[in-house]
């Protein structure tokens, strides 16, 4: 739902990956953004109207994306798709970060456009390392990459993860990526890609600086 810049780009990207796509927009002129090569269905109407969704083929759909310019419309449409038609893969674009968190808790995946954009700008204007490599749209989970601190060299990755309350997604070692096991030993020069809950970030970095606790 929504054939603005995001919706039209998303629709073409899905079709390029050999998916069948239906696009809904209240303004028929918006479909011009899809270009002449788009082969999917174009349905004029409100994306939260059940009859419009039926016409778009919602009962055959595997996923639904609400990416119009209105938060209210996106949330209503997402809830109708999920609760009325039973679509499990539902995503809604939300501008208001506070509301995005609320609907995230209700089981509707949200992309908080303003917060995500602000985070991306911060990463580019602050000194290296001041912001994580990635933060999920809800602002709950972040990914940081750090060189293994000297105090952790020779320790098991499982101990670092348990004590720092983080997860090592992968390690860059001698130019190659590797997935750690419970028995993997940290080596000098290892680059760790850590997945951290935002609320635990201060604890994680404090443990990394302090070193392992003696068992």
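The values are calculated or read from the model by the stated rules, or taken from the named source; none is laboratory data. Not measured: the values here are computed from a predicted model. Cβ: placed from backbone, ideal geometry, glycine included. Neighbour counts: every protein chain shown.
Under 8 Å between Cβ atoms, at least 6 apart or on separate chains: pull out the pairs that start in segment 132-144 with a residue that is under 14 Å from residue 113 (Cβ atoms) and end on any residue that is surrounded by 15 or more Cβ atoms within 10 Å (Cβ to Cβ) and at pLDDT 85 or above.
The qualifying pairs are 135/141; 135/142; 135/143; 136/142.
Looking at segment 113-148 only, could you name the residues that are modelled with pLDDT of 70 or more, over 21 Å from the mean Cα position of the chain (by Cα) and surrounded by fewer than 17 Cβ atoms within 10 Å (Cβ to Cβ)?
Of everything in segment 113-148, those that are modelled with pLDDT of 70 or more, over 21 Å from the mean Cα position of the chain (by Cα) and surrounded by fewer than 17 Cβ atoms within 10 Å (Cβ to Cβ) turn out to be 146, 147.
Tell me yes or no: at least one residue of segment 56-68 is more than 20 Å from residue 108 (Cα to Cα) and in the same structural domain as residue 111 (by TED's automatic domain parsing). Break it down into steps so the answer makes sense when it comes.
Of all residues in segment 56-68, those more than 20 Å from residue 108 (Cα to Cα) come to 56-57.
Now narrow it down to the ones that are in the same structural domain as residue 111 (by TED's automatic domain parsing): 56-57.
Yes: one or more hits.
Here is a yes/no grid of residues against (1) modelled with pLDDT of 90 or more; (2) outside any loop (DSSP other than H, G, I, E, B); (3) more than 22 Å from the chain's Cα centre (by Cα); (4) surrounded by fewer than 17 Cβ atoms within 10 Å (Cβ to Cβ):
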| site | (1), (2), (3), (4) |
| --- | --- |
| 53 | yes, yes, yes, no |
| 64 | yes, yes, no, no |
| 74 | yes, yes, no, no |
| 77 | yes, yes, no, no |
| 82 | yes, yes, no, no |
| 93 | no, yes, no, no |
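Within segment 171-206, track down each residue that is over 22 Å from the mean Cα position of the chain (by Cα), surrounded by 14 or more Cβ atoms within 10 Å (Cβ to Cβ) and either part of a strand (DSSP E or B) or not assigned by TED's automatic domain parsing to the domain that holds residue 150 (or both).
172, 173
Just give me the residues in segment 12-51 being touching a helix residue (DSSP H, G or I) at 6+ places or on another chain (Cβ under 7 Å), surrounded by 14 or more Cβ atoms within 10 Å (Cβ to Cβ) and not in a strand (DSSP E or B), in sequence order.
Residues satisfying the conditions are 12, 21, 33, 34, 38, 40, 45, 46, 47, 48.
Going through 14, 10, 34 one at a time, which residue ends up being farther than 18 Å from residue 72 by Cα and touching a residue at least 40 places away in the same chain (Cβ under 8 Å)?
Every option except 10 fails the conditions.
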